[in-house]
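In what follows, a single structure is set out as structure tokens and then discussed.
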Amino acid sequence: MSDFTPNIRAFCCHYTSQQICAEGDEGLNREGFPKSVAIERLVCSGKLQVSAILKAFEDGADGVYVVGCPEDKCHNLMGSQRAAKRVGAVRKALTELDVEADRVEMYHLERGFHPEFVAAAQEMDRRIKEMGPSPLKGGKK
Amino acid sequence: MIIAERKPINEIMEMVKDVKRVLVLGCKGCVTVCSAGGEREVEILASLIRLGANKQGRTVEVTDGALVRQCDKEYIDGLDNWKGKYDAIVSMACGVGVNFIANLRPETIVYPGVNTSFLGGSAEQGVWSEQCAGCGNCILHLTGGLCPVARCAKSLMNGPCGGSQGGRCEINPDVNCIWQSIHDRLERTGKKEDMLRVAPIRDWSTAGHGGPRKVVRDDLTV
Ligand code: SF4
Ligand code: SF4
């Protein structure tokens, strides 16, 4: 699996992804943020639809994760709770298709700058490397 | 409204295992309101079918669409929009929709994408419960507006069975004994004596026990 570079998509809300705005991709990579992760920013994680997560898999993602505010401290009150439920729906669908549910994950993180933002990406990078390419790609690269 | 729920994906994948071009067809009626088969759910199912097929190492062409309703002849004509573009339809309407397509399009292969669950309503977001069984001979005027046909586990007509305890049904303590609720409501609304009426033995032919039912309105037929 050593030559496998995963394709990981991260959907992050405006508040939890401030670091990327401030530091840019390069700055973030210097802090150890894996290059395998491509971030897409959302005004709120609650905006994210189940279909958008599935689309990411259709577009070739091996793993997808969502970062939203702490459950009880979402800037938009319920946004990150909604996102977590939608991630749950995708996990259920992947299980039905006999694909590892852990290919999709929800993280509730504090907003602003902190090592957990980088750590979440590293964890997903490690996890997906271990799992290997997504079977949903049907052998496509 | 009619409440439905998407079928397990594997069941749907099995239906379409040999199909090369699938039309996933939503309905903008009841199933949109209960989030089972509207445009949003169509998009999700279309995606899941493509992903499932990829996983099996084959490609399927999935088109998504939706009709205003699938329970009216006129709207079924809308299928012509996708003429020649699919080999089979997975309908996300209730069973009525699937039947209507099968009735009106003798050559078309159509599969159900949802399980049609019951006639019900949503008392809170994301939760639906059964309220009416469409028995064809409504008696709600005698029961305080609460339906013993649909909401009593035994469809009893003359008060609770012996298993009702603390206002709960013996089949499951999470379920209200509807006869207790009927009693309480009749009492609150000053109609307690209605409880004493003995309901005659019912003719269930209107409830489907006499074969498929039909309503004909002479004033509307042409
Ligand atoms: S086809 Fe079924 S779900 Fe659609 S509007 Fe008609 S009854 Fe409701
Ligand atoms: S009595 Fe029959 S028609 Fe009336 S609510 Fe109950 S099942 Fe529906």
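The values are calculated or read from the model by the stated rules, or taken from the named source; none is laboratory data. In this text the structure is predicted, and so the values were computed from the model without any measurement. Methodologically, a virtual Cβ is constructed for each residue, glycine included, from the backbone with ideal geometry; neighbour enumeration extends over all protein chains shown. Each accessible area value is taken on the protein alone, full model and side chains, heavy atoms only, with ligands, DNA and RNA left out. Shrake-Rupley method; radii C 1.70, N 1.55, O 1.52, S 1.80 Å.
For residue B:128, the amide hydrogen comes within under 5 Å of no other amide hydrogen, counting only partners 5 or more places away or on other chains and with H modelled in the peptide plane.
What whole-number volume per residue, in cubic angstrom, does the convex hull of the C-alpha atoms of segment A:68-119 give?
On the way: hull volume 3.1 nm³, N = 52.
Convex hull of Cα atoms, per residue: 60 Å³.
By DSSP, the beta bridges lying fully in the protein assembly as shown are antiparallel in about 30 percent of cases. Across every pair of non-identical alpha carbons in segment B:91-222, the mean reciprocal distance, once inverted, gives a Kirkwood radius of 17.6 Å. For segment B:169-222, the square roots a ≥ b ≥ c of the C-alpha gyration tensor eigenvalues yield an a/c of 1.5 or more together with a/b exceeding b/c, which makes the shape prolate. Residue by residue, segment A:60-70 carries 3J(HN,Hα) couplings of x, 5, 8, x, 9, 9, 10, 10, x, 5, x Hz when phi is fed to the Karplus relation 6.51 cos²θ - 1.76 cosθ + 1.60 (θ = phi - 60°); x denotes Gly or Pro. Can you classify the protein assembly as shown as rounded, prolate or oblate using the Cα gyration tensor, where a ≥ b ≥ c are the square roots of its eigenvalues, rounded means a/c under 1.5, and otherwise it's prolate if a/b beats b/c and oblate if not? Oblate, because a/c is 1.5 or more while a/b does not exceed b/c.
Using only the alpha-carbon atoms, how far is helix B:95-104 inclined from the longest principal axis of chain B? Give it as 0 to 90 degrees, nearest 10. Value to nearest ten degrees: 50. Phi angles across segment B:30-46 convert, under the Karplus curve 6.51 cos²θ - 1.76 cosθ + 1.60 with θ = phi - 60°, into 3J(HN,Hα) values of 3, 5, 6, 5, 8, 6, 10, x, x, 4, 5, 6, 4, 4, 5, 5, 4 Hz, Gly and Pro given as x. Remark: segment B:69-79, residue by residue, has Karplus-estimated 3J(HN,Hα) of 8, 10, 10, 9, 3, 4, 6, 4, 4, x, 4 Hz, where x stands for each Gly or Pro and the curve is 6.51 cos²θ - 1.76 cosθ + 1.60 at θ = phi - 60°.
What's the long-distance tail for chain A, i.e. % of Cα pairs beyond 18 Å?
Details: 5107 of 9870 pairs.
Cα-Cα pairs of chain A separated by over 18 Å account for 52 percent.
Listed by chain and number, the lysines whose alpha-carbon sits under 18 Å from that of residue A:129, ignoring those within fewer than 8 places in the same chain, are A:35, A:137, A:140, A:141.
Secondary structure note: in chain B, about 50% of the DSSP beta bridges are antiparallel.
Within a Cβ distance under 14 Å of residue A:31, other residues only, what is the Lys/Arg minus Asp/Glu net charge?
Numbers: positive: A:30, A:35; negative: A:23, A:25, A:26, A:116, A:125.
Net of charged neighbours comes to -3.
Subtracting the Cα-Cα distance of residue A:98 and residue A:130 from their residue separation scaled by 0.36 nm leaves 9.8 nm. If you take every DSSP beta bridge fully contained in segment B:34-134, what fraction is antiparallel? Give it as a percent rounded to 5. For segment B:34-134, the DSSP antiparallel bridge percentage is about 60. Mind running the shape call on chain B? Use the C-alpha gyration tensor, a ≥ b ≥ c as the square roots of the eigenvalues: rounded below 1.5 for a/c, prolate if a/b tops b/c, oblate otherwise. Prolate. Within a straight-line Cα-Cα reach of under 23 Å, residue A:47 can be paired with the following lysines, leaving aside sequence neighbours fewer than 8 residues apart in one chain: A:55, A:73, A:85, A:92, B:28. Once you list every other residue whose beta carbon is under 13 Å from the beta carbon of residue B:79, what net charge do they have if Lys and Arg are +1 and Asp and Glu are -1? With Lys, Arg at +1 and Asp, Glu at -1, the net is 0. Under a point spin-label approximation (7 Å from Cα along Cα-to-Cβ), what is the residue B:115-residue B:142 distance to one decimal in nm? Distance between label points: 3.3 nm. The amide H of residue B:118, built 1.01 Å from its N in the peptide plane, has B:3 as neighbours under 5 Å, considering only residues 5 or more places off or on other chains. Which is farthest toward the positive dipole end of the protein assembly as shown among A:15, B:215, A:53, measuring Cα position about the Cα centre, with Cβ charges +1 (Lys, Arg) and -1 (Asp, Glu)? Of the options given, the answer is B:215. Between chain A and chain B, roughly 1400 Å² of accessible surface gets buried, counting both sides and using a 1.4 Å probe. With only the Cα atoms considered, segment B:53-146 has a convex hull volume of 154 Å³ per residue. Within the listed set A:106, A:78, A:124, the residue fluctuating most in the Gaussian network model of chain A (springs between alpha-carbon atoms under 10 angstrom) is A:78. Within straight-line reach of residue B:192, meaning a Cα separation under 23 Å, sit the following lysines at least 8 residues removed in sequence or on another chain: B:154. Given the options B:70, B:56, B:125, which has the most mean-square fluctuation in a GNM of chain B, springs set between C-alpha atoms less than 10 angstrom apart? In the Gaussian network model the winner is B:125. For chain B, the longest principal axis of the Cα atoms and the long axis of helix B:178-188 meet at an angle of about 50 degrees.
Accessible-area loss of 50 Å² or more (1.4 Å probe, protein heavy atoms, chain alone versus all protein chains) is found in segment B:48-78 for B:51, B:54, B:55. Between residue B:20 and residue B:216, the C-beta separation translates, for a Förster distance of 41 Å, into a calculated FRET efficiency of about 0.45.
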